[in-house]
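Notes for the one structure printed next.
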Amino acid sequence: MDLGLRNKTALVTGGGTGIGAGICEALAEEGVDVAVNYLVGKDETIAFTAELCERYGTDCRAFYADVSQAEDLDAMVAEVMASYGHIDILVNNAGIWPTENILEMPDGNWEKVIDINLNGPFMLSKRVAKEMVRQGIRGSIINLSSKSGISYNTGGHAHYASAKAALLMLTKALARELLPYGIRANAIAPGMVRTPLNEDKWTDPELKKAYESRIPSGRFALPIEIGYTVAFLASEKSFNIMGSVVDITGGMLI
């Protein structure tokens, strides 16, 4: 299906690896020029963007920013605008997933997760939306929430789950306030996705089997599969989906 995204520009935070890389590839496959944000791994991200350009014939470039720092976001948005002239799609993907129980969690660690996983999407959405409104662009904002933002099953992630739950309400707020300008906001809730962060789950057959037993679909999702959902939500073919969260957990929320 041609999603009608050719020649649009997307900004994807944390786009150089894992789920973010799958999202960038799915968008590039649809003809989108992708601004790939990174915090670490500059050389790897540049190599990844070059690969996307060669494979799909799009204009993909790497842009540095710590999404928890307002000044970094100001600089990145300015650089992306100077490079492409417009931003049609924003994907707030960057995030961290530490494990620590509430009783042992330093206050600063709570604040760090909230800053990156919640405050970052708010600050960047505001900045990009202002550019969309200024240019009259009917854009799309897609936030990466999580199964943990809807259902809390295992301990050790109170900060992560709280941020992802709040991100769902932020998505609704963005949709409600930006719809008059033609800008749609939605969220997706992935479950278990095979990424470099959880490769340890694949080295132990018993551990792998235990994790997969929790997934009704029977396997971890692939990053590119998450990307296909994002590409659909970014397109006008999903026009009537607004302020919603799409469950892509492989049935874990049934």
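The values are calculated or read from the model by the stated rules, or taken from the named source; none is laboratory data. Predicted model, so just to flag it, every value in this text is computed and none were measured. When we count neighbours, we look across all protein chains shown, and the Cβ atoms used for this are built from the backbone with ideal geometry, even at glycine.
Summary of values
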| quantity | calculated |
| --- | --- |
| Number of positions in the stretch 4-40 that are assigned to a loop (DSSP other than H, G, I, E, B), touching a residue at least 24 places away in the same chain (Cβ under 8 Å) and of a type outside the set (Ser, Thr, Tyr) | 12 |
| Condition met for Leu118 (surrounded by 14 or more Cβ atoms within 10 Å (Cβ to Cβ), within 25 Å of Ala28 (Cα to Cα), under 19 Å from the mean Cα position of the chain (by Cα) and not aromatic (Phe, Trp, Tyr)) | no |
| The lone exception for Glu100 - which of (1) more than 19 Å from Gly15 (Cβ to Cβ); (2) in a helix (DSSP H, G or I); (3) not β-branched (Val, Ile, Thr) it fails | (2) |
| Leading residue by the ranking (modelled with the lowest pLDDT) among those in the stretch 199-224 that are surrounded by 18 or more Cβ atoms within 10 Å (Cβ to Cβ) and not aromatic (Phe, Trp, Tyr) | Ala221 |
| Subset of the stretch 138-169 (residues that are part of a helix (DSSP H, G or I), surrounded by 20 or more Cβ atoms within 10 Å (Cβ to Cβ) and in contact (Cβ under 8 Å) with a residue 40 or more places away in the chain) | Lys147, Gly149, His159, Tyr160, Ala163, Lys164, Leu167 |
| Filter result for Val91 (part of a helix (DSSP H, G or I), in contact (Cβ under 8 Å) with a residue 12 or more places away in the chain and β-branched (Val, Ile, Thr)) | no |
| Residues of the stretch 233-253 satisfying the condition of being part of a helix (DSSP H, G or I) and surrounded by fewer than 20 Cβ atoms within 10 Å (Cβ to Cβ) | Glu236, Lys237, Ser238 |
| Total residues in the stretch 73-115, condition surrounded by 14 or more Cβ atoms within 10 Å (Cβ to Cβ) and among the small types (Gly, Ala, Ser) | 3 |
| Test for Lys126: is it among the basic types (Lys, Arg), without any contact (Cβ under 8 Å) to a residue 40 or more places away in the chain and either in contact with a Phe, Trp or Tyr (Cβ under 8 Å, 6 or more places away or on another chain) or in a helix (DSSP H, G or I) (or both) | yes |
| Filter result for Gly149 (modelled with pLDDT under 95 and in contact with a Leu (Cβ under 6 Å, 6 or more places away or on another chain)) | yes |
| Residue within the stretch 114-134 that is in contact with a Pro (Cβ under 8 Å, 6 or more places away or on another chain) and either at pLDDT 95 or above or within 25 Å of Lys164 (Cβ to Cβ) (or both) present | no |
| Single unsatisfied condition, Met1 versus (1) surrounded by fewer than 24 Cβ atoms within 10 Å (Cβ to Cβ); (2) without any contact (Cβ under 8 Å) to a residue 60 or more places away in the chain | (2) |
| Any hit, the stretch 57-79, residues being in a helix (DSSP H, G or I), more than 16 Å from Phe122 (Cα to Cα), touching a residue at least 24 places away in the same chain (Cβ under 8 Å) and out of contact with any His (no Cβ under 8 Å at 6 or more places or on another chain) | no |
| Flag if Gly243 is touching a residue at least 40 places away in the same chain (Cβ under 8 Å), under 24 Å from Cys24 (Cβ atoms) and out of contact with any Pro (no Cβ under 8 Å at 6 or more places or on another chain) | no |
